[in-house]
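Undergrad: I have a structure here, written as structure tokens, and I will follow up with some questions on it.
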Amino acid sequence: MQPNAGVVSPEPIWAVNFAEIYFDGDIGGSRQVPIAGKTSLGLDGKLSFTLATLLKTWDTGTGAWNFASSFTLPYLWTKATANLGVGNASATTSQNASNLFDITFTPLIAGYHFSATDHMSFSVAIWAPTGRYDANALANTSLNNWTFIPQVAYTKFVPSYNLEFDVVAGVQFYTRNTATDYQNAPLFTLDVMGLKKFSNGLGIGLVMGTTQQLGSDSGPTADRLNGFRGHDFSMGPIVTYDTKLDGKHPLSFSARWVPTVTATNRLKSTATFMATATLVF
């Protein structure tokens, strides 16, 4: 979720976005969790994502439809701590990994302008399994599967009150992880943001998001865990700042804290932070 989520610029532009995401969460030890082709009693996970995104809006005129494409290069540091059983015993093991993560690209983002204040966009993002993956490792810098994410976003501006509302909905479809024979079920995601902007460039708002698993995971490990079906809900504040570089290139910053309110079979975290910077030229 980003401000102007449903807006594709009617002018041909380049935009560069840098994002940093930190997450520290766990699944309680009373639950079995699939990892590294095995099961763990609980799981602690930490990650730091650094993402660089380049977006190009194409010169398609000033009509109702406009189009763009984007490419993201992500770098991941992650640490996983699991309680793995060996025979009748168990041992707590931690591993960490850092490297380039799976790249993502969106060949086409189609934006439609209902009016100057109402906008919608449609896209399909593709995550390619380009990162390193070890089926026996707890911490990896790849999912080892292709992921396809059709998504729709809507943005509503209320100029009289300097308000902005954004909604983004998507479904994540995964191919099977051939190294572990694990098949993730599709995930439905919904994110909502309300933002109040001020004349000095500052903005404050609230972000809410949920992930709902559509069906059960499958494969030998997933079957032992009855499909390991999960869901979560998170909510937290966001602060933004908009200015112009050299008086002509829009430059935007944002920072948010979005702790987990509730989670089942997904990592729960009170330490979820994200900061972004976007330059348009």
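The values are calculated or read from the model by the stated rules, or taken from the named source; none is laboratory data. The structure displayed is predicted, hence computed values, not measured ones. Heads up, the Cβs are rebuilt from the backbone with ideal geometry, glycines too, and the neighbour counts pull from every protein chain shown. Just so you know, the surface numbers come from the protein's heavy atoms only, side chains and all, with ligands and any DNA or RNA stripped out. Shrake-Rupley method; radii C 1.70, N 1.55, O 1.52, S 1.80 Å.
Undergrad: Could you point to the residue in Thr262, Gln213, Tyr174 farthest towards the positive end of the chain's charge dipole, with +1 and -1 charges on the Cβ of Lys/Arg and Asp/Glu respectively?
TA: It is Thr262, whose Cα lies furthest towards the positive end.
Undergrad: Which value, in Å², gives the accessible area per residue of the range 13-280 when a 1.4 Å probe is used on the protein heavy atoms? Can you show the working numbers first?
TA: On the way: 13370 Å² over 268 residues.
Computed with neighbouring chains in place, this is 50 Å² per residue.
Undergrad: What is the magnitude of the charge dipole of the range 13-280 about its Cα centre, with +1 placed on the Cβ of each Lys and Arg, -1 on the Cβ of each Asp and Glu, and no other charges, expressed in debye to the nearest 20? Could the numbers behind the result be given before it?
TA: Numbers: 17 positive and 17 negative charges, 42 e Å.
Its charge dipole is roughly 200 debye.
Undergrad: With all protein chains present and a 1.4 Å probe, how do Arg256, Arg266, Arg31 order by accessible area, largest first? Working shown, then result.
TA: Details: Arg256 20, Arg266 75, Arg31 100 Å².
Descending accessible area places them as Arg31, Arg266, Arg256.
Undergrad: On to the next question. Let me check something: with ligands and nucleic acids excluded, how do Asp166, Asp181 order by accessible area (1.4 Å probe), largest to smallest? The partial results should precede the final answer.
TA: Values: Asp166 0, Asp181 70 Å².
Correct descending sequence by accessible area is Asp181, Asp166.
Undergrad: Would you kindly find the accessible area of His231, with a 1.4 Å probe and non-protein molecules such as ligands, DNA and RNA excluded, rounding to the nearest 10 Å²?
TA: Ignoring ligands and nucleic acids, His231 comes out at about 70 Å².
Undergrad: Moving on to the next point. About its Cα centre, what dipole magnitude does the range 44-171 give when the only charges are +1 on Lys and Arg Cβ and -1 on Asp and Glu Cβ, stated in debye to the nearest 20?
TA: Working: 5 positive and 7 negative charges, 47 e Å.
I would put it at about 220 debye.
Undergrad: If you roll a 1.4 angstrom probe over the protein chains with everything in place, what fraction of the accessible area of the chain belongs to carbon and sulfur, to the nearest %?
TA: Details: 8620 of 14050 Å².
So the carbon and sulfur contribution to the accessible surface is 61 percent.
Undergrad: Over 21 Å between Cα atoms, which of Lys56/Lys196; Lys197/Lys268; Lys46/Lys197; Lys196/Lys244; Lys196/Lys248; Lys156/Lys197 qualify? If you can, show how the numbers build up before the last one.
TA: On the way: Lys56/Lys196 27 Å; Lys197/Lys268 31 Å; Lys46/Lys197 33 Å; Lys196/Lys244 19 Å; Lys196/Lys248 23 Å; Lys156/Lys197 13 Å.
Checking Cα-Cα distances, Lys56/Lys196; Lys197/Lys268; Lys46/Lys197; Lys196/Lys248 exceed 21 Å.
Undergrad: Only helical DSSP H runs with n ≥ 4 go in: add -39500 (n - 2.57) per run for the chain, normalise by residue count and round the 222 nm mean residue ellipticity to 500 deg cm²/dmol. The partial results should precede the final answer.
TA: Working: 1 runs with 5 residues, N = 281.
My calculation for the chain gives -500 deg cm²/dmol from helical runs alone.
Undergrad: Using Kirkwood radius over Cα pairs in Å as the read-out, say which of [x] 18.4; [y] 20.2; [z] 19.6 was calculated from these coordinates.
TA: [y]
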